[in-house]
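Q: I have a structure I would like to understand better, so I am pasting it below and will then ask my questions one at a time.
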Amino acid sequence: MSTAHNQRAPSVTIWTLVSLIIGSTVGSGIFALPQNIASVASPGAMLIGWAIAGVGMLSVAFVFQTLARRKPHLDSGVYSYVRAGLGDFIGFTSGWGYWLGSVIAQVGYATLFFGTLGHYIPFFDPDNTWVMAISVSLLTWGIFFALTRGIKQAAAMNLITTIAKLVPILAFIVLIAFVGFSWDKFTLDFWGENSGIPLSEQLQGIMLFTVWVFIGIEGASVYSKQARSRQDVGRATVIGFLSVLALLVAVSTLSYGVLTREELAALPDNSMGAVLEAAVGPWGGVLISIGLCLSVLGAYISWQMLCAEPIVMMATDGLLPKRLATTNASGAPYIAQLISTAVVQFCVILFFANETSYNAMVQLATIMYLLPYIFSTLYLILLAVRGKGLTHPHAGKLFDDSGPEVSATDNRRHLAIGIIGFIYSLWLIYAADPVYVLFGALAVIPGLIAYVWTRLAVKEKPFNTFEWVVVALIAVGAVFAVIGLVNGSLVLE
């Protein structure tokens, strides 16, 4: 962030902060939510799951807000918090996980986009696997070539996509609530007894989907320094979070009053459109589908642009070869964008060749996103307990203990927030299907190789004692993933 930018008078209002939270959090996930939730949980489990997710994700949001206040000089998002608090390698693993999560999410976005088109245009039917794969590839490379020319997502695009996703979502809620909702259908098998799945397993199943739809909740903390009032940041976090939570709970709850759980679980990826179509007719499905396509396309463009940022930041900090941060005459980090696009292409081939579902892509991406969440909450705990992160071999502003003074009362509150966020994040890993955890560990290995090569090139030891323990855990997980791939016991379905 430039010095000039830092010197601007605080001007961001509370309602601007609220809109940033809603705009960055409400994405493609809500359109697939009815099917996602119904595939693993009954209505009763769904409501309990949202209550748990509400407390857990609000604590995570407050973790980032608190870190932004305590360490205002760390302005590279969640990656910089983790690196400052836990060292270079953990910071790298966090940035790598966030980058890979974004890459995998790209494939999920495009799959949802073309799958929705396929409902109306048979050429893009999801059963035409290679048509879908080629279409996703062409879209991805087309956006890449546009971005290398320095084309950025315009404010008009942001406005259009925000309206495109909020209008059909609100229309869905109003129409279902007043036209299509049946209380008898909603309470039918309320606790999922007919499915034979224990309530605890239903709650485990719902957790990763609830995290996926909250990805981006950390975004507003970046703007805390530009807020007119520090109190506005906390208020905006609560208002924005509760607004998003209300939308997600409304969509999930109302869907169970239109179709049974079994019918919802069998819907296509654009399940919100299918639910509204069942309630009011074909025009309802078309309305949601248009909103979804515009929203997902906008998200696809912006996230492909942002995919390069973790690579650029890590290269700038010397955790990857500095050449990866090179920009062209248009100011675009074309090497990082090329790498990101190539990995998206690799994932397209891998996922489509194995007929990987949208749900599997979502859960794998969520596991990768959880890395910076877990480590950021741990950093806040360290700050509250000992006033600093782990000891670093590096000197300089990034790793100093500077920041505003914190009262004992605030410090105890920060510790409570950090502990709740940390326990919740760890429980999410526990609740995840071990398949996704193991594949997540395997996905870190290529980055691990690049990281070690970069450190050795500048004659530095790759890891300290704590980091060797983390490396060992990653390696064990990766070995189990490889064994599972070879013997066929592990697959992404």
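The values are calculated or read from the model by the stated rules, or taken from the named source; none is laboratory data. A quick note: this is a predicted structure, and the numbers were derived from the prediction, not measured. Cβ sites come from the backbone with ideal geometry, for glycine too, and all protein chains shown count toward neighbours. For the accessible areas, the whole protein counts, side chains as well, though only heavy atoms, and no ligand, DNA or RNA atoms are used. Shrake-Rupley method; radii C 1.70, N 1.55, O 1.52, S 1.80 Å.
Q: Confirm whether W130 is over 28 Å from I311 (Cα atoms) and in a helix (DSSP H, G or I).
A: yes
Q: Restricting to the stretch 19-64, name every residue that is over 28 Å from S200 (Cβ atoms) and open to solvent by 10 Å² or more (accessible area, probe 1.4 Å).
A: Of everything in the stretch 19-64, those that are over 28 Å from S200 (Cβ atoms) and open to solvent by 10 Å² or more (accessible area, probe 1.4 Å) turn out to be S19, L20, I22, G23, S24, G27.
Q: For the condition more than 25 Å from I30 (Cβ to Cβ), assigned to a helix (DSSP H, G or I) and under 20 Å from the mean Cα position of the chain (by Cα), what is the one hit in M313, M361? Break it down stepwise before answering.
A: Values: M361 fails: more than 25 Å from I30 (Cβ to Cβ).
The conditions single out M313.
Q: Output the residues belonging to the stretch 407-429 that are over 18 Å from the mean Cα position of the chain (by Cα) and open to solvent by 60 Å² or more (accessible area, probe 1.4 Å).
A: Listed by number, the residues that qualify are A408, T409, R412, R413, I419, I420, I423.
Q: From the list F172, F144, F186, exactly one residue is open to solvent by less than 60 Å² (accessible area, probe 1.4 Å), farther than 23 Å from L264 by Cβ and at pLDDT 75 or above. Which is it?
A: Just a single option satisfies the conditions, and that option is F144.
Q: Output the residues belonging to the stretch 75-103 that are closer than 25 Å to S357 by Cα and open to solvent by less than 10 Å² (accessible area, probe 1.4 Å).
A: G97, W99, G101, S102, V103
Q: Tell me which helices (runs of 4 or more DSSP H) are completely within the stretch 12-111 and hold 3 or more residues being among the polar types (S, T, N, Q) and under 30 Å from L276 (Cα atoms), or say none if there are none.
A: 14-25
Per-residue answers, yes or no, for (1) open to solvent by 20 Å² or more (accessible area, probe 1.4 Å); (2) at pLDDT 80 or above; (3) polar (S, T, N, Q):
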{"position": "V222", "(1), (2), (3)": "yes, no, no"}
{"position": "A227", "(1), (2), (3)": "no, no, no"}
{"position": "V238", "(1), (2), (3)": "yes, yes, no"}
{"position": "L254", "(1), (2), (3)": "yes, yes, no"}
{"position": "T260", "(1), (2), (3)": "yes, yes, yes"}
{"position": "A266", "(1), (2), (3)": "yes, yes, no"}
{"position": "D269", "(1), (2), (3)": "yes, yes, no"}
{"position": "M272", "(1), (2), (3)": "no, yes, no"}
{"position": "E277", "(1), (2), (3)": "yes, yes, no"}
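Q: Which numbered condition in (1) open to solvent by 10 Å² or more (accessible area, probe 1.4 Å); (2) touching a residue at least 60 places away in the same chain (Cβ under 8 Å) is the only one that T326 fails?
A: (2)
Q: Here's a check for you: in the stretch 448-471, which residue that is open to solvent by 50 Å² or more (accessible area, probe 1.4 Å) and in a helix (DSSP H, G or I) is nearest to G97 (Cα to Cα)?
A: I449
Q: One residue is enough: does the stretch 377-384 have a residue meeting the conditions more than 26 Å from the chain's Cα centre (by Cα), modelled with pLDDT under 90 and among the small types (G, A, S)?
A: Looking through the stretch 377-384, none of the residues is more than 26 Å from the chain's Cα centre (by Cα), modelled with pLDDT under 90 and among the small types (G, A, S).
Q: Right, here's the next one. With respect to Y334, determine if the residue is in contact (Cβ under 8 Å) with a residue 12 or more places away in the chain, open to solvent by 10 Å² or more (accessible area, probe 1.4 Å) and among the aromatic types (F, W, Y).
A: yes
Q: In the stretch 111-141, what residues are open to solvent by less than 20 Å² (accessible area, probe 1.4 Å), more than 12 Å from F352 (Cβ to Cβ) and free of Cβ contacts under 8 Å to residues at least 60 places away in the same chain?
A: The one that is open to solvent by less than 20 Å² (accessible area, probe 1.4 Å), more than 12 Å from F352 (Cβ to Cβ) and free of Cβ contacts under 8 Å to residues at least 60 places away in the same chain: G118.
Q: Right, something else. Give me the pairs: first residue in the stretch 346-367 and under 22 Å from W141 (Cα atoms), second residue polar (S, T, N, Q) and open to solvent by less than 10 Å² (accessible area, probe 1.4 Å), beta-carbon distance under 8 Å, and six or more apart or on different chains, which are they?
A: C347/Q106; V348/T140; V362/N36; A365/S102
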